[in-house]
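Written out below as structure tokens is the structure these notes cover.
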Amino acid sequence: MISVYLDRPTWAHRRSAGMKLGLLALCSVLLLPQDSLILFIGCLAGALTLYASLGRDGLSQVLLLKPMIVFFGIILVFHGLFTGWQEGFVVVLRLIVMVLLANFVSITTRMDDMMDAVMPLFVPLKWLGGSPRTIALAVALVLRFVPVLMTVYGGLSESYRARGGKQGSWRLIAPFALQSLRLSENVAEALSARGGARGVFEQNRSAGRNVRLTGLQVGK
Amino acid sequence: MALWHPLRRKDAKKELNPNQDVYARFDRVKLTLGNRQVLSDVSLSLSEKRIGVVGLNGSGKSSFVRLVNGLRRADSGTVKVFGSDIDDVAADLPRFVGFVFQNPDHQAIFPTVGEEIAFGLRQLGFDKAKARDDALRFLELHSCSALVDKPFAELSEGQKQLICILAVLVMEPKVLILDEPMASLDGLAGRKIMQKLKKLDQKLLMISHDLSFLADFDRILWLEDGSIRMDSVPGDVLPAFRADVERRSALELGGDDL
Amino acid sequence: MTDRSIVQIAFYAALMAALGLLPKVAIPVLAGVPITAQSMGVMLAGVMLGSVRGSLAILLFLFLVALGAPLLAGGNGGLGVFAGASVGYLIGWPVGAFVTGLIMERTKTLPVMPAAALSAIIGGIGVVYLFGIVGLVIVAKLPVMAAIVGNGVYIPGDLIKVAIVAVVAQTIARGLPSALASRA
């Protein structure tokens, strides 16, 4: 799956996901109330050093900021007009530093590890009748079906153009949603056929029935 | 090696016996979906190693096979699977009655092949690491270990269907139900899959529009308008079914009949 | 929660992602402000799935983004987007979907099209803007008025999305009534 993850071992990759997330949370708590321009220039230098320590391709990940630049510019201008440029620079620098630090965790942590690190947060779901496993299943389903839905859209767009329609019309959204939902009915059926979201084992156990596990018959 | 799970309880009840010869018994089964009578009064029992199901679109084939693993429930009459009423053992059925769907893209749940196979084992209660190891071993057994980390979306159609079948087989069912498994495959890929299926220990219950796949099955059921029109060996049923299709297509076609 | 609900939620999250990845589900660009299809996904989720499942679908989508999947329109993703100035809008999405779905569920006596339009305006625009503006005020320290004015440029585009959502809901109500789970 596509991810912002930088697939190359570095010192930062070796640190545990939980530690990185914890440090990130600590940084945001500490930095949010600050308003010294000098401090944030220092933080920016520090953040850039972190990226540079990953190597050349690490430093280029700073570009993940690119889609936000225009927005930051607008915020700066608004501050310039309403509250003063000094304040504007502080706010925008703080945003840039926070985004850089957060992305640093994202590019040095595999999605699996990130998920394992946050799974304990979902334990309370058990009392609501869900389970952390359901979350993992749902995440897997999304990753699996994004490409499938793209293919569905491609097929619709093709047959629409074959009958004289324009490329990428909003008219395709209704049939796209329809086909996706039809597809989801089939997938739900297939999931149930394999024991459902709770699994054969859990379902039987909660019904007070025993489940015999047989090892794989290797050598068949 | 058989592992008995330590959490097994003594008060176990309503267990099906997966070793009996007859795996499904229908007694006066009726099923309606919406306003449509899908199956009317079907009684039979299934035990042969390979059973084929034929019939035109809308004849009730799909609903019929779905009754065997509990995806659909009868409105009246009883369906017994391995001797137990299906309502009592539904939660246990995915272990003993595997189901392979027509379109592999509707069946695979996980992004990569390894996860897809491991899911079946996780469903049976294995932990993540053990499921992952066993899935890899299972893929090796079926000479597919090279695919383990491949995204499902990047497989060929034949590979996709093979992985879907393996993902069901890894749960070691006694019976494998297949709803037109070759429909999305070309002739070559379809034949390769069929060769694999014939080598399995599992009993097969398979719907197919391509009658050539069914020629050496043990028994063929021909469904028409929700009831069994014919139930016999392929040598009797297949020619009769083919002749019936020919006869119908010779009649003039109007939009209403299509 | 049934298998069907879980799959529906996952599919809607995947649909959100697909809407962001599609080259441009061509909706007119108004006055230079690009109209992303994704905020329309928020309205659609509420209208189609109802309050609970709709908001869970959006939460699931945001969870994937937080895990590092670059699924926001323009290929944005990772924890960084939740540290940015638009975090208020992102938090507003699931709440907006919930409110949209809630109104949809409570207006079963109305025909689908006006009900969907009403729900999408209140939930998909009102609630999302409210959270977005509060976010701008807190995170970007903008004065409230400035945040409201800056937000104004999106209103015409979002009204177009409401119209599309209403038409889509109507189409689906005719084509596959059971898919309109908010009214099932």
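The values are calculated or read from the model by the stated rules, or taken from the named source; none is laboratory data. Keep in mind it's a predicted model, so treat the numbers as computed, not measured. Using ideal geometry, Cβ is built from the backbone for each residue, glycine included, and neighbour counts are taken over all protein chains shown. These accessible areas exclude ligands, DNA and RNA; they are computed on the full protein's heavy atoms, side chains included. Shrake-Rupley method; radii C 1.70, N 1.55, O 1.52, S 1.80 Å.
Quick one: order A:10, A:134, A:151 from most to least accessible surface, probe 1.4 Å. Intermediate results must be reported in sequence, preceding the final value.
Values: A:10 10, A:134 35, A:151 100 Å².
My answer, sorted largest first, is A:151, A:134, A:10.
Using a 1.4 Å probe on the protein heavy atoms only, what accessible surface does residue C:110 show? Give it in Å² to the nearest 10.
Only protein atoms counted, so the area is about 70 Å².
Work out the mean other chain Cβ neighbour count within 10 Å for the residues of A:70-78 and drop it here as an integer. Write out the running numbers ahead of the final one.
Values: counts 0, 5, 3, 0, 5, 9, 1, 2, 9.
Per residue, the number of nearby Cβ atoms from other chains is 4 on average.
Could you please state how large a percent of the accessible area of the protein assembly as shown is carbon and sulfur, counting protein chains only and using a 1.4 Å probe? Mind showing how you got there, number by number?
Working: 17370 of 29120 Å².
The computed percentage sits at 60.
When only Cα pairs under 8 Å and 6 or more residues apart are kept, what is the percent relative contact order across chain A?
On the way: 116 pairs, mean separation 44.7, N = 220.
Value for chain A: 20 percent.
Which whole-number value in Å² is the accessible area per residue of segment C:3-177, probe 1.4 Å?
Details: 5890 Å² over 175 residues.
Accessible area per residue, segment C:3-177: 34 Å².
Give me the percent of DSSP beta bridges within the protein assembly as shown that run antiparallel, rounded to the nearest 5. Working shown, then result.
Working: 25 of 43 bridges.
Restricted to the protein assembly as shown, the bridges split so that about 60 percent are antiparallel.
Between chains B and A, what is the buried accessible area in Å², counting both sides, with a 1.4 Å probe and ligands, DNA and RNA left out, to the nearest 100? Walk me through the intermediate numbers first.
On the way: alone 14070 and 15560 Å², together 25250 Å².
Using a 1.4 Å probe on protein heavy atoms, the buried area is about 4400 Å².
Which of the residues in segment A:92-116 show a loss of at least 10 Å² in accessible area from their chain by itself to the complete set of protein chains, at a probe of 1.4 Å?
The answer is A:94, A:95, A:98, A:99, A:102, A:103, A:106, A:111, A:114, A:115, A:116 - residues whose exposure falls by at least 10 Å² when every protein chain is included.
Would you please give the residues with an amide H less than 5 Å from that of residue A:6, counting only those at least 5 places away or on a separate chain, with H modeled from the backbone geometry?
HN-HN under 5 Å from residue A:6: A:108, A:109.
Against the longest alpha carbon principal axis of chain A, how many degrees, from 0 to 90 and to the nearest 10, is the axis of helix A:37-52 turned?
50 degrees
Could you give the angle, 0 to 90 degrees to the nearest 10, between helix B:113-123's Cα long axis and the longest principal axis of the Cα atoms of chain B?
Once rounded, one gets 90 degrees.
Tell me, what HN-Hα J-couplings in whole Hz come from the Karplus equation 6.51 cos²θ - 1.76 cosθ + 1.60 at θ = phi - 60° for each residue of segment B:93-108, using x for Gly and Pro?
Values, residue by residue: 4, x, 6, 10, 10, x, 10, 10, 8, 4, 10, x, 5, 8, 9, 6 Hz.
Arrange the residues B:87, B:210 by how much accessible surface each exposes, largest first, with a 1.4 angstrom probe.
Working: B:87 100, B:210 60 Å².
Highest to lowest solvent-accessible surface, that is B:87, B:210.
Based on the Cβ-Cβ distance from residue A:41 to residue A:19, what FRET efficiency comes out when R0 is 25 Å, to the nearest 0.05?
Details: r = 27 Å, r/R0 = 1.07.
Computed FRET efficiency for residue A:41 and residue A:19: 0.40.
Less than 11 Å Cβ to Cβ from residue B:233, Lys/Arg counted +1 and Asp/Glu -1: what total charge do the surrounding residues give?
That works out to -4.
Highest first, please rank the peptides A:112-118, C:167-173 by the mean number of other Cβ atoms sitting within 10 Å of their residues.
Details: A:112-118: 17.6, C:167-173: 21.1.
Packing order, densest peptide first, comes out as C:167-173, A:112-118.
Between segment A:134-158 and segment B:146-187, what is the separation of their alpha carbon centroids in Å?
18 Å
With every protein chain in place, what's the accessible area of residue A:126 (1.4 Å probe, Å², nearest 10)?
Per-residue accessible area (residue A:126): approximately 130 Å².
Kindly sort B:164, A:27 by accessible area of their heavy atoms, largest first, with the probe set to 1.4 Å.
Details: B:164 0, A:27 45 Å².
Result of the area sort, largest leading: A:27, B:164.
Which entries of B:49/B:150; B:30/C:108; B:61/B:203; B:30/B:196; B:150/B:196 show an alpha-carbon separation above 28 angstrom in the structure shown?
B:49/B:150; B:30/C:108; B:30/B:196
How big is the accessible area of residue B:201 in square angstrom, nearest 10, if you roll a 1.4 angstrom probe over the protein chains?
Surface accessible to solvent at residue B:201 totals approximately 110 Å².
How big is the A/C interface in buried accessible area, both sides summed, 1.4 Å probe, to the nearest 100 Å²?
Values: alone 15560 and 8980 Å², together 19430 Å².
Looking at A and C, the buried total is near 5100 Å².
Of all the C-alpha pairs in the protein assembly as shown, what % are more than 48 Å from each other?
Working: 48907 of 218791 pairs.
Result for the distance tail: 22 percent.
Name the residue from C:118, C:43, C:132 whose Cα lies farthest towards the positive end of the charge dipole of segment C:3-177, charges +1 on Cβ of Lys and Arg and -1 on Cβ of Asp and Glu.
C:118
By how many degrees, between 0 and 90 and to the nearest 10, does the Cα long axis of helix B:157-169 differ from the longest principal axis of chain B?
The two axes meet at around 70 degrees.
For segment B:80-106, state which residues have at least 30 Å² less accessible area in the presence of all protein chains than in their chain by itself, taking the probe as 1.4 Å and leaving out ligands, DNA and RNA.
When all protein chains are present, B:91, B:92, B:94, B:95, B:101, B:105, B:106 each give up 30 Å² or more of accessible surface.
When the Kirkwood radius is taken over all Cα pairs of segment C:3-177, what Stokes-Einstein diffusion coefficient follows at 25 °C and 0.890 mPa s, in µm²/s?
Details: Rh = 16.1 Å.
Estimated diffusion coefficient is 153 µm²/s.
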